[in-house]
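The structure appears right after this line, and notes come after that.
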Amino acid sequence: MNMDLNLDFIEALDDIEREKGINKEILLEAIEAALVSAYKKNFGTAQNVRINIDKETGKIQVFARKEVVEEINDPRTEISLKEAREINPNYDISDIVEVEIKPKNFGRIAAQTAKQVVIQRIREAERNIMYEEFAKKEDDIVTGIIQRYENNNVFIDLGRVEAILAPSEQVPGEIYKQGDRIKVYILEVKKTTKGPLIMVSRTHPGLLKRLFELEVPEIYEGIVVIEAVAREAGSRSKIAVSSRDENVDPVGACVGAKGARVQAIVNELRGEKIDIIEWSEDPAQYVANALSPAKVLSVELVDDKVAKVVVPDYQLSLAIGKEGQNARLAAKLTGLKIDIKSDQQEKITQQNVLIPFDLEKEGDNINEKEEDT
């Protein structure tokens with residue numbers, strides 16, 4: 001039986017090289033290695049064999065590799081010096097002689113094995129291509145379709161691959177319905193034998209940042225810069241922006257005409273409230289802005305880690321926010337610990353401060369009084 005791979009198969013390898021980017025020589029090497037395993041498995045032999053495939057014609061040759069020895073113990077792996085020198089007089093003890101063999105019915109096995117190897121390598125190449133494609137998208141957002149909900153994980157179809165939205169990356173109270181389109185932030189892409197494992201998030205601050213970059217042309221163009229983001233997913237977020245052009249209002253650019261731009265992001269995040277504040281080089285002003293929508297009377301920087309803030313009495317609850325959320329987000333945004341007091345509380349504090357006095361001077365006064373008496 002003819003053992004050769006036909007020309008159509010060799011031409012198909014050329015097509016695969018062009019279309020899939022898989023080197024033809026690497027494919028042929030992989031087929032040769034697989035054929036060695038197939039030969040040993042199907043012929044139950046301990047022979048050392050080498051298989052060669054002509055990359056132009058597809059001709060397959062099987063060679064038994066035998067060591068030249070003085071006395072043969074295993075004819076499958078050894079050859080006498082006399083027999084070796086009949087092949088080539090230059091052979092000596094311990095040399096390896098290759099003898100071509102033509103196993104029966106190996107043609108069918110060879111064809112099946114070659115096909116399996118090619119299919120496997122194509123799948124591996126496609127998996128690598130997908131991995132490279134999505135590895136470049138780490139820290140970016142993609143749109144997918146919710147596929148299913150399984151073991152508290154949400155599986156999202158991204159086209160040729162699925163992404164996993166783990167419970168820790170899901171927004172509390174957010175409902176994920178099968179078939180819904182959803183934007184997610186790519187946290188990590190891992191290479192596995194089954195293809196890329198893509199972990200995504202709906203809670204990451206990067207999702208909010210990328211949504212603004214997509215929605216606001218001035219950010220995309222680099223005129224408006226996102227300086228910081230603080231987020232409590234599903235509830236409230238704060239984003240600090242600055243402008244490189246004095247004629248462009250960074251907050252106004254992000255809000256958009258009649259709030260259209262920010263509203264589109266709020267809708268994508270299913271109602272999450274977003275405060276857009278102007279970043280400032282002055283830390284005190286930045287803290288005051290970060291506490292928006294509350295009005296601030298004064299900000300005192302105790303050191304580079306703590307800021308003391310005074311607000312009008314009627315603004316105290318607004319500045320602190322429900323369960324401390326506004327103050328907490330402002331602290332995350334600025335990187336400072338923020339101590340908030342009302343105007344009245346600050347006055348009481350100042351009144352309770354003891355006025356220091358000179359003990360030595362006071363002692364002299366007491367002695368003078370005692371002498372007078």
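Bear in mind these aren't lab numbers, they're just calculated from the coordinates by the rules spelled out. Just so it is clear, the model here is predicted, and its values are computed rather than measured. Positions of Cβ are backbone-derived with ideal geometry, glycine not excepted, and every protein chain shown enters the neighbour counts.
Taking 7 Å along the Cα-to-C-beta vector as the label spot, tell me the residue 347-residue 175 distance in nanometres, rounded to one decimal.
My value for the distance between the label points is 5.1 nm.
Would you work out the relative contact order for the stretch 136-201, in percent, from Cα pairs under 8 angstrom that are 6 or more residues apart?
Computed value for the stretch 136-201: 37 percent relative contact order.
Viscosity 0.890 mPa s, temperature 25 °C: give me the Stokes-Einstein translational D for the stretch 1-98 in µm²/s, with Rh taken as the Kirkwood radius over C-alpha pairs.
Answer from the Stokes-Einstein relation: 160 µm²/s.
What Rg and what Dmax come out for the chain when only alpha-carbon atoms are used, in angstroms?
Gyration radius and largest Cα-Cα distance of the chain: 38.0, 140 Å.
Return a whole-number percent for the relative contact order of the chain, with Cα pairs under 8 Å and 6 or more residues apart as the contact set.
It rounds to 9 percent for the chain.
What three numbers, in Å, describe the spread of the alpha carbons of the stretch 109-154 along their principal axes, ordered from the longest?
45, 27, 15
Would you mind pulling out the separation of the Cα centroids of the stretch 146-172 and the stretch 263-324, in Å?
The distance from the Cα centre of the stretch 146-172 to that of the stretch 263-324 comes to 34 Å.
As an exercise, use a Förster radius of 45 Å and the Cβ-Cβ distance of residue 213 and residue 11 to find the FRET efficiency, rounded to the nearest 0.05.
Result of the calculation: an efficiency of 0.45.
Using Cα pairs under 8 angstrom and six or more residues apart, how large is the relative contact order of the stretch 7-133, in percent?
RCO, the stretch 7-133: 24 percent.
Go ahead and run the numbers for FRET between residue 306 and residue 132, Cβ-Cβ distance against an R0 of 45 Å, rounding to 0.05.
It comes to 0.45.
I want to check the label-to-label distance for residue 143 and residue 112. Put each point 7 Å from Cα in the C-beta direction and report it in nm to one decimal.
Label-label distance for residue 143 and residue 112, simple model: 4.8 nm.
With loop defined by DSSP as not H, G, I, E or B, and exposure as at most 11 other Cβ atoms within 10 Å, which is the longest segment of the chain clear of exposed GluC sites (Glu not before Pro)?
72-220
DSSP loop (so not H, G, I, E, B), at most 13 other Cβ within 10 Å: list which trypsin sites (Lys or Arg not before Pro) in the stretch 280-316 pass both filters.
The qualifying sites are 295, 305.
For a quick check, take a GNM of the chain with Cα springs below 10 Å and name the residue from 96, 320, 226 with the largest mean-square fluctuation.
Result for the chain, Cα springs under 10 Å: 96 fluctuates most.
Of all DSSP beta bridges located in the stretch 7-133, what percent are antiparallel, nearest 5?
Looking only at bridges with both residues in the stretch 7-133, the antiparallel portion is about 80 percent.
Antiparallel DSSP bridges in the chain: what percent, to the nearest 5?
70
Please quote Rg/Rh for the stretch 116-214 to two decimal places, taking the Kirkwood radius as Rh and restricting both calculations to Cα atoms.
For the stretch 116-214, the value is 1.01.
For an R0 of 35 angstrom, estimate the FRET efficiency from the Cβ-Cβ distance between residue 339 and residue 266 and round to the nearest 0.05.
0.70
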